Ligand SMILES: [Zn+2]
């Protein structure tokens with residue numbers, strides 16, 4: 001993972017340098033593209049880290065899911081709310097994490113993939 005980090009950081013640096021080389025009239029566009037690419041890389045790195053075995057405690061643990069309120073599987077309202085402090089690793093979920101959710105509408109509670 002450390003090796004991957006080093007390589008990805010080198011790529012990110014390259015992207016930033018490339019954006020700086022753009023002609024003045026393309027500077028803004030290049031900057032935005034560089035930012036988007038860097039974000040994409042960051043999430044790829046996070047995903048790669050999540051897919052590693054649970055024994056690897058070095059991979060960073062997110063503070064919470066990106067979407068704290070999702071659609072409830074029972075009442076289908078967008079009131080299925082992430083319960084703070086319940087985020088945990090899960091080998092079954094694509095994101096590598098799951099969290100406990102509580103529906104403010106119907107009261108349904110369940111573990112759900114943390115997206
Ligand atoms: Zn519900």
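Every read-out reported here was derived from the displayed coordinates using simple, explicitly stated rules and does not represent laboratory data. None of the values given here were measured: they were computed from a predicted structure. Methodologically, a virtual Cβ is constructed for each residue, glycine included, from the backbone with ideal geometry; neighbour enumeration extends over all protein chains shown.
Quick notes
- Label-point gap, in nm, between residue 74 and residue 40 - each point 7 angstrom along Cα→Cβ: 4.0
- The chain: relative contact order as a whole-number percent, Cα under 8 Å and 6+ apart: 18
- Crossing angle, helix 27-51 versus the chain [Cα axis fit, 0-90 degrees, rounded to tens]: 50
- Folded to 0 to 90 degrees: helix 2-21 orientation relative to the chain principal axis, Cα: 50
- The slack in the chain from residue 27 to residue 113, taken as 0.36 nm per residue of separation less the alpha-carbon distance, amounts to 27.1 nm.
- Cα gyration tensor, region 69-113 - rounded (a/c under 1.5), prolate or oblate: prolate
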